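Working notes, beginning with the structure itself.
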Amino acid sequence: MNKGTLYVFTGPSGAGKGTLLSRLMAEDDRLFYSISATTRAPRSGETDGVQYYFLTRADFERKIAQNAFLEHARYVDNYYGTLEAPVNEKLAEGYDVILEIEVQGAMQVHQKRPDAVMVFIAPPSFEELAARLRGRGTEDEEKVRKRLETAKEELKSRDRFDYVVVNDEIDRAVRELQGILAARRT
Ligand SMILES: Nc1nc2c(ncn2[C@@H]2O[C@H](COP(=O)(O)OP(=O)(O)O)[C@@H](O)[C@H]2O)c(=O)[nH]1
Ligand SMILES: Nc1ncnc2c1ncn2[C@@H]1O[C@H](COP(=O)(O)OP(=O)(O)O)[C@@H](O)[C@H]1O
């Protein structure tokens, strides 16, 4: 029997998911942030086991075959996935577990765990999304373009979520997210 609640946070790359969630995590010790596995290369400053478990494609595919993933998807040129065991452990311990994942994976979780709370983080506009992604400076222009192409599709699925939070101003958006969590805990 799960004691905690599973939250799925989705939204296009550059919308500000990481920024908002790190703020949320810092102020709430009942939350557990699920560390995903990925085949993408670490960015400078990223460490294995902190931002992601960085796996080779062969290791990732082995884990798919072992059914180790709650969900997994290909995003742009890489695999990303949520390992199921730690999520279940933390929910059983009473933590609210946060998944920060893209849309295809979010829909898989929605199917498998209908009680998961689905939250879409949206940028104020497509232009602002592009500006944030370029401003972050973590991807070269070709990868930025691919992410923005994917974002056009992802933005169409916002209506399939329980909540849509527009990340216009960080403090305001964090307060809105805190309100969603508080409503689920009463
Ligand atoms: N399906 C799925 N998507 C993930 C997972 N982890 C991260 N993602 C998503 O993959 C996309 C790319 O992530 P990343 O390369 O770290 O870029 P960033 O999120 O823009 O910093 C983002 O939309 C992430 O939310 C996961 O475990 N499963
Ligand atoms: N509300 C906001 N206003 C302006 N810039 C923001 C806002 N939220 C996030 N950013 C910036 O936008 C970029 C993308 O945010 P990030 O959290 O990395 O997005 P995601 O995790 O969704 O890919 C970062 O450079 C971040 O500092």
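The values are calculated or read from the model by the stated rules, or taken from the named source; none is laboratory data. Since this is a predicted model, take the numbers as computed values, not measurements. Quick reminder, even Gly has a Cβ in these numbers, built from the backbone with ideal geometry, and neighbours come from all protein chains shown. Heads up: the accessible areas ignore ligands, DNA and RNA and are worked out on the full protein's heavy atoms, side chains in. Shrake-Rupley method; radii C 1.70, N 1.55, O 1.52, S 1.80 Å.
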Quiz item: In the stretch 131-183, what residues are touching a strand residue (DSSP E or B) at 6+ places or on another chain (Cβ under 6 Å), assigned to a helix (DSSP H, G or I) and open to solvent by 30 Å² or more (accessible area, probe 1.4 Å)?
Solution: Arg158, Glu176
Quiz prompt | In the stretch 121-165, the residues that are hydrophobic (A, V, I, L, M, F, W, C) and in contact with a Pro (Cβ under 6 Å, 6 or more places away or on another chain) | solution = Leu129, Ala151
Quiz item: List, please: which pairs have Cβ atoms under 7 Å, are six or more places apart or on different chains, and start with a residue in the stretch 13-31 that is more than 18 Å from Arg172 (Cβ to Cβ) and end with one that is within 6 Å of ligand 2 (Cβ to nearest atom) and modelled with pLDDT of 95 or more?
Solution: Gly14/Arg132; Gly14/Arg136
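Looking for whichever is over 28 Å from Val97 (Cα atoms) and open to solvent by less than 70 Å² (accessible area, probe 1.4 Å) here; the options are Phe120, Phe126. Which one fits? Steps first, please.
On the way: Phe120 fails: over 28 Å from Val97 (Cα atoms).
Result of the check over Phe120, Phe126: Phe126.
Test of understanding: among Ala37, Ala68, Ala26, which residue is modelled with pLDDT of 95 or more, farther than 26 Å from Tyr163 by Cα and either in contact with a Ser or Thr (Cβ under 7 Å, 6 or more places away or on another chain) or not charged (D, E, K, R) (or both)? Steps first, answer last, please.
On the way: Ala37 fails: farther than 26 Å from Tyr163 by Cα; Ala26 fails: farther than 26 Å from Tyr163 by Cα.
After ruling out the rest, the residue left standing is Ala68.
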Quiz item: Got at least one residue in the stretch 80-98 being at pLDDT 95 or above, closer than 15 Å to Pro12 by Cα and acidic (Asp, Glu)?
Solution: no
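Okay, residues lined up against (1) in contact with an Asp or Glu (Cβ under 9 Å, 6 or more places away or on another chain); (2) within 15 Å of ligand 2 (Cβ to nearest atom):
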residue	(1), (2)
Lys17	yes, yes
Thr38	no, yes
Asn67	yes, no
Glu71	yes, no
Leu91	no, no
Asp96	yes, no
Quiz item: Does at least one position in the stretch 138-150 carry a residue that is closer than 22 Å to Leu24 by Cβ and either within 16 Å of ligand 2 (Cβ to nearest atom) or modelled with pLDDT under 95 (or both)?
Solution: yes
Self-check item: Test: Pro114 is open to solvent by 60 Å² or more (accessible area, probe 1.4 Å), within 11 Å of ligand 2 (Cβ to nearest atom), assigned to a loop (DSSP other than H, G, I, E, B) and at pLDDT 95 or above
Solution: no
